[in-house]
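These notes concern the structure reproduced below.
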Amino acid sequence: MSKEHREDIEISSDEKKIQLMYIDNIKKINKKYFEQTGKEKTYMTVTYGCQMNAHDSEKIDGMLIEMGYKKVLTESEADVLVYNTCCVRENAENKIFGNLGYLKKLKEKNKNLKIVLCGCMMQQEAIIDKIKQSYNHVDIIFGTYNLYKFPQLLFTSFETNEMIIDIWKKAQEIIEDLPSQRMYKFKASVNIMFGCNNFCTYCIVPYVRGRERSREVEDIIKEIEYLVEDGVKEITLLGQNVNSYGKNLKEPVTFAELLEKVSKVEGLERIRFMTSHPKDLSEDLIKVIKENDNICKHIHLPVQSGSNKLLKKMNRVYTREDYLKLVEKIKNEIPDISLTTDIIVGFPTETDEDNDETIDLVKEVKYSSAFTFIYSVRSGTPAANMDGQVEEADAKRRFNKLLEVLNPIVLEINKKQIGTKQRILVENISKNDETLVTGRSDNNSLVHFKGDKSLIGTFVDVKITDCKTFYLIGEQI
Ligand code: SAH
Ligand code: SF4
Ligand code: F3S
């Protein structure tokens with residue numbers, strides 16, 4: 001029995017109770033298994049895509065831990081293996097299909113393995129059809145709107161042993177307070193809104209994450225207060241376009257108002273947010289960032305392109321001049337602000353001149369870092385059908401030209417920090433050198449310095465002594 005595309009379902013407010021019951025049922029089964037074998041059931045979650053997905057994975061982990069599963073770090077050791085997928089660019093999807101081939105072998109070795117696919121990629125019918133046809137070793141598939149139903153789907157899979165597909169076409173109510181397992185004890189993400197209404201013409205996100213829905217202020221503040229009580233020092237507020245937060249609430253609230261309220265939460269040391277769409281970043285917001293010490297002086301402000309022709313075709317709703325004016329306003333008000341961005345190269349009809357305009361803009365703004373992407377055709381989006389698709393070789397050439405300008409600018413901005421004192425929230429031991437720890441400064445720079453694991457989760461004052469393009473080097477003061 002496979003269930004598909006249920007869009008009219010009514011979620012009762014008892015839905016959370018139902019899921020907690022399934023969690024409890026599976027917990028009992030796992031407990032019995034432990035009593036009989038002395039072994040714990042295990043899980044692993046593999047996450048692709050953005051912070052939104054990473055945060056969803058924390059919810060999936062939270063549910064699995066509640067069900068009595070123990071986390072493992074290799075796929076071959078897992079009894080439940082969850083792939084939380086992304087489809088923002090084609091290579092993200094290719095990776096998943098590549099891995100599914102490998103998982104077939106794992107499943108042959110361990111017949112009891114449950115393979116679970118969820119996330120954005122699963123919201124596309126063509127993908128589901130392909131999985132049904134060619135990857136019948138997958139056990140459970142759900143989408144972005146019904147993640148909270150995972151316990152029930154897992155339980156049903158144990159009962160029936162058949163492929164279960166449960167994808168909804170649109171969102172229902174927001175289910176609050178499900179279990180969640182934070183990746184870090186000392187920092188956490190909090191969704192303030194879901195979905196996106198912007199329909200940038202290249203982007204698949206509005207199709208797989210649905211229309212914009214904001215959470216109530218009280219629910220957000222309650223969650224943050226709980227997190228702070230539980231040891232969290234840094235919160236990142238998440239939304240595809242945080243600047244349009246609250247517009248669809250019964251009593252509308254602006255993002256600036258929300259941010260101000262969050263900044264007043266007792267004991268919260270640092271607040272970040274992403275992503276800011278340039279079209280509706282308000283003066284009030286700039287003021288709130290400026291006036292509150294615990295709001296990080298960093299704005300991720302994706303520009304996508306420096307060419308008005310392309311910005312129009314992308315449906316970004318601002319011009320190059322609007323963007324530059326906004327940047328100037330922000331820099332005037334908050335001189336030590338750090339700005340980062342996203343850029344797409346190779347959008348349909350792009351010429352070398354368009355790319356040069358992007359390069360000029362990069363020179364003018366002086367970003368402290370930028371994510372650069374080669375345009376990837378996403379079927380179902382307007383840009384996929386536009387005339388003038390760019391040859392791969394042209395896109396790559398322009399991409400390299402952009403990086404040749406961008407990287408020295410990033411280095412130059414980093415160099416300006418040499419000699420300054422930065423307050424670092426230490427996150428990890430460095431991957432390449434275990435005598436070093438790494439963390440982030442207020443303005444979001446990655447900083448390495450000598451230290452040990454006792455520093456993880458604490459704030460340390462560091463003097464910046466050197467830098468590379470992608471990180472700073474410092475010493476504890
Ligand atoms: N909501 C955020 C971005 C979400 S996707 C915003 O609007 O800023 C993250 C980034 O992926 C985008 O900013 C864009 O630069 C890139 N991206 C999205 N769709 C893409 C596509 N089809 N090809 C290449 N890059 C894409
Ligand atoms: Fe995609 Fe644009 Fe929405 Fe960002 S704002 S998620 S780029 S449609
Ligand atoms: Fe994020 Fe990828 Fe979905 S970027 S919203 S996980 S398509």
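The values are calculated or read from the model by the stated rules, or taken from the named source; none is laboratory data. Only a predicted model underlies this, so the values are computations on that prediction, with no experimental measurement involved. Here the Cβ positions follow ideal geometry from the backbone for every residue, glycine too, while neighbour counts run over all protein chains shown. The accessibility values were calculated without ligands, DNA or RNA, using every heavy atom of the protein model including side chains. Shrake-Rupley method; radii C 1.70, N 1.55, O 1.52, S 1.80 Å.
Worth pointing out:
- Under the Debye formula (equal points on every Cα, no solvent term), log10 I(q)/I(0) of the range 148-278 at q = 0.17, 0.18 Å⁻¹: -0.99, -1.06
- Alpha-carbon centroid distance for the pair the range 149-204 / the range 413-457, whole angstrom: 33 Å
- Percentage of interatomic Cα-Cα distances in the range 372-466 larger than 22 Å: 53 percent
- Nitroxide proxy distance, nm - points 7 Å out along Cα→Cβ at Tyr207 and Asp284: 3.5 nm
- Förster radius 22 Å - calculated FRET efficiency between Ile29 and Lys185 (Cβ-Cβ, nearest 0.05): 0.15
- Given their separation in residues at 0.36 nm each and the Cα-Cα distance between them, Ser379 and Glu333 gain 12.4 nm when the chain is fully extended.
- With each label modelled as a point 7 angstrom along the Cα→C-beta vector, the Asn94-Ser454 pair spans 4.8 nm.
- In this structure Arg211 has an accessible area near 110 Å², from a 1.4 Å probe over the protein heavy atoms.
- Quarter of Cα convex hull surface for the range 28-186, i.e. mean projection, nm²: 9.9 nm²
- Of every Cα-Cα pair in the chain, the percent that sits beyond 31 Å: 48 percent
- Rounded FRET efficiency, nearest 0.05, which uses the C-beta distance separating Lys421 from Asp342 and R0 of 51 Å: 0.95
- Net charge, Lys27 excluded, C-beta distance under 13 Å - Lys, Arg +1, Asp, Glu -1: +1
- Shape of the range 115-190, Cα gyration tensor, a/c cut at 1.5: prolate
- Overall form of the range 13-60 per C-alpha gyration tensor (a/c, 1.5; a/b vs b/c): oblate
- Computed from the alpha carbon atoms alone, the convex hull of the range 221-296 holds 87 Å³ per residue.
- Extents of the range 258-402, taken as max minus min of Cα coordinates on every principal axis and listed largest first, are 53, 32, 23 Å.
- 26 Å Cα-Cα threshold exceeded, pairs from Lys32/Lys114; Lys107/Lys132; Lys31/Lys104; Lys31/Lys95; Lys325/Lys416; Lys363/Lys468: Lys31/Lys104; Lys31/Lys95
- Across the range 421-476, the volume of the C-alpha convex hull divided among the residues equals 67 Å³ per residue.
- Calculated [222 nm] ellipticity per residue, helices only, for the chain: -11500 deg cm²/dmol; basis is -39500 (n - 2.57) per DSSP H run with n ≥ 4, divided by all residues, nearest 500.
- Å² per residue, accessible surface of the chain at 1.4 Å: 47 Å²
- Pair Glu125, Glu475: separation of 7 Å Cα→Cβ label points (nm): 6.4 nm
- The mean sequence separation of alpha-carbon pairs under 8 Å and at least six residues apart, normalised by the residue count of the chain, gives a relative contact order of 10 percent.
- If the chain linking Met21 and Ser76 were pulled fully straight, counting 0.36 nm for each residue of separation and taking away their Cα-Cα distance, it would gain 16.9 nm.
- Distance between the C-alpha centres of the range 313-355 and the range 210-230: 30 Å, rounded to the whole angstrom.
- Expressed as a whole percent, the accessible area of the chain that falls on carbon and sulfur atoms is 49 (1.4 Å probe).
- For Asn432 and Asp466, the difference between the fully extended length at 0.36 nm per residue and the C-alpha to C-alpha distance is 10.5 nm.
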